[in-house]
2 protein chains.
Amino acid sequence: MISDKIASLDELSGEDKDLIRSWIDPSKWPHTSVFRDWIRLIKEYASESDGKALRSISVLGQEMAKRSAIQREAVWEGSKTFEALNYLEEEIGIAGVDKFRSVSAPRVDITGPTPDWTSAEMQEWMDGPSKEIKDRVKAFLSDPIFEYAPNRGKEEYREKVLAWLRMLGQQGFGALGFPVAYGGMGDTMQYAAVFEVLGYHDLSLAVKFGVQFGLFGGSVLNLGTKYHHDKYLHRIGSMDLPGCFAMTETGHGSNVRDIETMGRYDPDTGEIEVHSPTYTSGKEYIGNALHAQMATVFVQLVVQGENHGVHAVLVPIRDQTGDLLPGIKVEDNGYKLGLNGVDNGRIWFDHVRVPRENLLNRFGQITLLGRYESQIPNPSKRFFTMLGTLVAGRICVAKGALSAAKSALTIAIRYALHRRQFKPDPQSAETLLLDYPSHQRRLMPKLATAYALHFALQQLIKKYAAQGNKSDRDLEALAAGLKSRTTWFTTDTVQECRESCGGKGYLRINRFADLKADSDIFSTFEGDNTVLLQLVAKSLLSNFKEDFNDAGLLGVIRYMGEQVSDQITRLNPVYKRKTDASHLKDVGFHIHAVEFRERKLLYSLGERVRQMFRKRITPYDVFLRTQNHMISLANAYVDRSIIETFQGKLSELEEGPVKKSIIKVYQLYALHQIATHQDWYLEQDYMEGAKTKAIRRQIERLCLELRKEAAYLVAAFGIPDGLLGAPIAFGEF
Amino acid sequence: MISDKIASLDELSGEDKDLIRSWIDPSKWPHTSVFRDWIRLIKEYASESDGKALRSISVLGQEMAKRSAIQREAVWEGSKTFEALNYLEEEIGIAGVDKFRSVSAPRVDITGPTPDWTSAEMQEWMDGPSKEIKDRVKAFLSDPIFEYAPNRGKEEYREKVLAWLRMLGQQGFGALGFPVAYGGMGDTMQYAAVFEVLGYHDLSLAVKFGVQFGLFGGSVLNLGTKYHHDKYLHRIGSMDLPGCFAMTETGHGSNVRDIETMGRYDPDTGEIEVHSPTYTSGKEYIGNALHAQMATVFVQLVVQGENHGVHAVLVPIRDQTGDLLPGIKVEDNGYKLGLNGVDNGRIWFDHVRVPRENLLNRFGQITLLGRYESQIPNPSKRFFTMLGTLVAGRICVAKGALSAAKSALTIAIRYALHRRQFKPDPQSAETLLLDYPSHQRRLMPKLATAYALHFALQQLIKKYAAQGNKSDRDLEALAAGLKSRTTWFTTDTVQECRESCGGKGYLRINRFADLKADSDIFSTFEGDNTVLLQLVAKSLLSNFKEDFNDAGLLGVIRYMGEQVSDQITRLNPVYKRKTDASHLKDVGFHIHAVEFRERKLLYSLGERVRQMFRKRITPYDVFLRTQNHMISLANAYVDRSIIETFQGKLSELEEGPVKKSIIKVYQLYALHQIATHQDWYLEQDYMEGAKTKAIRRQIERLCLELRKEAAYLVAAFGIPDGLLGAPIAFGEF
């Protein structure tokens, strides 16, 4: 149909027609740079136009052609051309109209002067080296095939997501993290950027993408060796081999070490027998369980009668036609709160035999002679090394969650710049929601936090990519901490944004329903947040212990010395009471405050633990008694790390309007963060009441200042209107 | 089919058969006392049995019959009887099995001694005079027709809820709040108790119930006069006349005063012409919009060219067959985040004429001569008097929300008493979730808060019922405050509980999906929470101002004097540092702390407002600048009121095991409440750090103590297992 219409455009040469026709095929889309040129041209025109001509793409195209130097002829005014353009516009559908809207964004009601920087500048700086890949994915997702359709039945929805996933695989987006030799670019940053953009579109797709390429593909890449890479990575990357990652069991989620699925090696046949001995040993919540042909199955590996702990084994579960293989039982997990486009299921294995080679044997292997061997003799260390391969997944989950929070903030802030309610007097217009201090207080600190987390995650993935797939405890701790922080932030933010949009926010079409339901589980999967924070704290304690061990008495003295200097600082009445704006906005104050909190909590926890050990309290009881303290410490560590990264990011940026604005965002974030723990600071006598009050006043002032830039700050997230959806974000009530 | 089976029970006399047959009809169910006897008998047997015999209702029945003194014959062992019983059991379905389970509840893993009180005792005390009606509704809802079915399409779901609503209407549950003369009992407490129980079952049903009987019926009752009561109340109560409550418009939600719908009186015809002049003046989110035959429409009433402000007019919108009447346009609001069993829609009126008599004229009327008259000459006062009729709705909304929170807590705490994860050493069993301090800290203060809010709302509805339908500003403020507090508490609690159940909590079958989605909008409808809190603060400020005005200079001195005595108290270093348990648990300390906070915030707000007025800042700007302060004050007022009520409730209770337990619940609530504002107390120098730390330690200790009673405390909410659903609550993973 579209082809026919193109053919009817008599004004075009045959060559031009062929070119345009080829663009219909998503795999042959024009290069990103072409899109960029178009967008630039359209924006230029839009900024000159009086806005009335912008009522449809056809009118716009016609007007632009009329103005263009090359085609000033009347050709473009022909009614046939216009008709064809109109037809194309209709075919592109709503997605197209939304996309069109963005050319004049932000079309919001701004009081006061517009900032002297553009969203595009800010976005470019935020995206950094990921900009190009993100633009490519955004362009790809703007194809009508990806159109957002609320409330689908799960079967239909799953089929759709599966089809989408295949398209992404075929375009090579899934393999980006794999080595070049296996069809990828060996670039985890690019892979994570794709995940981030998918998070703007549909979290079911993002999660399924993560399962196939990150978890299943990642396990083959990081736990397997060349044999597995050669045999599977290409097929995984192209979605030729759909797979799943079967770690969690009904009976064991967080406690992976005690999973019940067995993998017994049979030296007579050279096979591993994978078996679920009980009902609760069934693998559960496994994404892709209903579509996968192969599973990475985590088992207790028993060789020569000895249990060598948890290992991963590749087990074929379906044939090419999708029929289950013998011994495999799969059950649908049914409807979930959200993510109903993902086929989560339960899997049991009944004495299923796979060849010895199917053991992912990077960290432990079964020799030809049937003996177990590992270069990591300590089973506990081996276990944590294997689990370390989950780090990339955690970073992606955090990025996906942040995308949901950014979508919610974009919708709520745009709405708050359209929606008015209550007027000061009968003559006045009603007040914009974002002009209410309470509304600013709800949304602006969250906006600033979204920026802070954006940079924190960007920095984390950069470090991760640089370090290769080696294990790094500090990085793992940071990933765990940021995953927990970001996913909880998202839960809070989506809720606050929904409420900020009142009844309109409750309508499914305005996106919050899905944002809320889909992102909810992010605080649980890839590691329960509370459990992750305890891992973080344990890791910090170990560092602390190592410092002691390495340095002996000197180490203790050094720590005590630092404590003493803290004492002096916090007893300095001038510092405790300092309330002038320049002090409160100073990076030095912020970093001191968060470092003080972290060090103090670490030191006091270390002290408590040591004293309990002296009293011969068992390690487990020590852990139970200090659990809440550990969680506080982990949070302090995450806070310090985010502020540190944000400060580093600021110092990279050259002076100018963008920096001036981003400094305010940083200050709001930092002060908001400190205010969140004002009770602790008061309790520790680190600040006096006058100072905490002054901080809150400063926060209100920054909220008000940034309110004028709010529309531009959310536009800089760079979420295409077509992906954002939510009519209320565009003033449609 | 069931009748046939009953006929086949040869052992029964014809009379017995008739009796049993009659029970099948929900409207002829046995009296509550009969059910109570049965339950007592079953419980007695269950407590003696070894538990193995309890595997099905048929076995239980047979065993009980065998033991019974009257029927010790072998009759009941006949295979035919057993078969029939089995058949009946199957017919009753899952709901029956769930109900059966509760006979041995709480079947949870309790470590340590069981408490020396029973859930039944606690429940009886909590329910008080509402117990009987609640039991009746619970029994009614246990009919298989009300069975919980997750994930229905909206059309089908709406039909189901409509059918349920008709049944409730026919049983007389809807009219309970109406006067006896109109088929009711004139008892708002009973009506609210029904709403509370519906909240355990399905919030769509609860909301639709509230729309029909509370809002639509309530508007006719409270805004209308005898003419309207006689003509409509009977038909509304029986659901013969389904109606809706059309107040909110697309353009005006919180700001009702500026709605755009017009109601012009035409003296020539004696009619009121109802008209929506713009698109945004359409009524929106109107529950029952797709089923209603009549609407209470809020309009700007114009008589003789003068606008007399917002008034309510009854407008027929559909005929008896369900067809829309001329001039009415209705649009479906479509899928929502939740509550998809409620048919919310938009309604526009195109010059629709209704007779003068359709004006609900209790507070303002059009005389026969076509003039406007009102006994409340001040239009602002008239407006707020009319809106005061929304109070009952707000109380019910809070009660429904609390039911959702109680359901979530029951599920999460039961799960935490089944689910184990991580073990101290390879020999031990894994640890129960509720034995983790972090898990206790998540759930136990929320459990205590649910108790506190239960009593607060019970007290509120009691006061409301006692005061009749007169307007009372203090009561309205308290209702607004508690509505806001409870609905936000529910949002937090459902989320925390979902997360506490990990992946299992994310499965739709385990209820959190619906609890979360359905209760989400409670913070917005019947008054946006943030807006309501400002109303509360304004009301408090007016009281304050009146005190000043009444007492003149003396009043000021009195206030200052109280301030001074506060000063002394908080400067008393002994009090600030007092950390002994008996002080921290003392009711005197708690009430002093919350009163201090409320008074201090009120005084400082009053001071700020006065000073700004002196500087000639406009009232609107004063309001904007103090908005966050006002919200803090409103929260402090709500806190004080809840603690006060809880303390009053305690003092009513006679000494004994129930009281011993409930005192701990109270203490946990009070200390948790104070700890929530520890930053403020530290800032005000009301406490020192040593005291806030001691409070937190005390909270942890109380969490641990109550953990042993947790199963019983949730059982005392009295949510029938069949309504609770959620397999995980019963140890089914």
Could you state how much accessible area B:D621 has, in square angstrom rounded to the nearest 10, with a 1.4 Å probe and all protein chains kept in place?
70 Å²
Tell me, in nm to one decimal, what length is gained between A:S238 and A:Q320 on full extension, where the rule is 0.36 nm per residue of separation less the Cα-Cα distance?
28.0 nm
Pairs A:K134/A:K231; A:K691/B:K600; A:K504/B:K336; A:K504/B:K283: which exceed 21 Å Cα-Cα?
A:K134/A:K231
Area of A:K462 that stays accessible when all protein chains are in place (1.4 Å probe, Å², to 10):
110 Å²
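So what is the relative contact order for the range B:190-258, in percent, with contacts set as C-alpha pairs under 8 Å and at least six apart?
25 percent
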Gyration tensor verdict on the range A:127-259 (Cα atoms; rounded if a/c is under 1.5, prolate if a/b is larger than b/c, oblate otherwise):
oblate
Which net charge results when you count Lys and Arg as +1 and Asp and Glu as -1 among the other residues whose beta-carbon is under 11 Å from that of A:Q495?
-1
Shortest first and in nm, the label-point separations between B:E147 and its counterparts in the other identical copies (7 Å out along Cα→Cβ) come to 3.8
Defining the label point at 7 Å along Cα→Cβ, can you sort the distances from A:H592 to the same site in each other copy, shortest first, in nm?
3.6
Charges only on Cβ, +1 for Lys and Arg, -1 for Asp and Glu: so what's the dipole of the range B:594-733 about the Cα centre, in debye to the nearest 20?
680 debye
Looking at the calculated P(r) for the range A:218-284, what percent of the C-alpha pair distances fall above 16 Å?
62 percent
All other residues with a Cβ under 15 Å from the Cβ of B:K585 taken together, and with Lys, Arg as +1 and Asp, Glu as -1, what is their net charge?
+4
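What's the average, rounded to a whole number, of partner chain beta-carbon atoms within 10 Å of each residue's beta-carbon in B:616-628?
Per residue, the number of nearby Cβ atoms from other chains is 3 on average.
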Rough spin-label spacing in nm, given labels placed 7 Å along Cα→Cβ, for B:R371 and B:K226:
2.4 nm
Taking only the alpha carbons of the range A:393-724, what extent do you get along each of the three principal axes, in Å, biggest first?
74, 46, 39
Per residue, the convex hull enclosing the alpha carbons of the range B:241-377 has a volume in Å³ of 116 Å³
What number, in percent, do you get for the relative contact order of the range A:393-724 if the mean sequence gap of Cα pairs under 8 Å and at least 6 apart is divided by its residue count?
26 percent
Would you tell me the mean number of C-beta atoms belonging to other protein chains that fall within 10 Å of each C-beta in B:435-446, as a whole number?
3
For the range B:130-267, accessible area per residue (1.4 Å probe, heavy atoms of protein chains only), Å²:
31 Å²
Estimated FRET transfer efficiency when R0 is 45 angstrom, pair A:I663-A:R473 (beta carbons, to 0.05)
0.85
Radius 12 Å from Cβ of A:S471, net charge of other residues (Lys, Arg +1; Asp, Glu -1)
+2
With a 1.4 Å probe on protein heavy atoms only, tell me which residues of the range A:506-540 lose at least 10 Å² of accessible surface in the complex relative to the chain by itself.
A:Y506, A:L507, A:R508, A:A513, A:K516, A:D520, A:I521, A:S523, A:T524, A:D528, A:T530, A:V531
Give me the dipole magnitude in Debye, nearest 20, for the range B:216-332 about the Cα centre, with unit charges on the beta carbon: positive for Lys and Arg, negative for Asp and Glu.
360 debye
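Can you give me the accessible area per residue for the range B:468-541, using a 1.4 Å probe, in Å²?
24 Å²
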Too-long pairs where the Cα-Cα distance tops 18 Å, listed order kept, from A:K462/A:K659; A:K446/A:K516; A:K446/B:K516; B:K381/B:K463; B:K664/B:K708; A:K138/A:K446
A:K462/A:K659; A:K446/B:K516; B:K381/B:K463; A:K138/A:K446
Taking a label point 7 Å out from Cα toward Cβ, give me the nm distances from B:E159 to the same spot in the other copies, shortest first, one decimal.
2.4
Buried accessible area, chains A and B (both chains, 1.4 Å probe, Å² to nearest 100)
6100 Å²
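The values are calculated or read from the model by the stated rules, or taken from the named source; none is laboratory data. What you see is a predicted model; the values in this text were computed from it and never measured. Don't worry about glycine lacking a Cβ; one is built from the backbone with ideal geometry, like all the others, and counts go over all protein chains shown. Quick note on the areas: whole protein, heavy atoms, side chains included, nothing else; ligands and nucleic acids left out. Shrake-Rupley method; radii C 1.70, N 1.55, O 1.52, S 1.80 Å.
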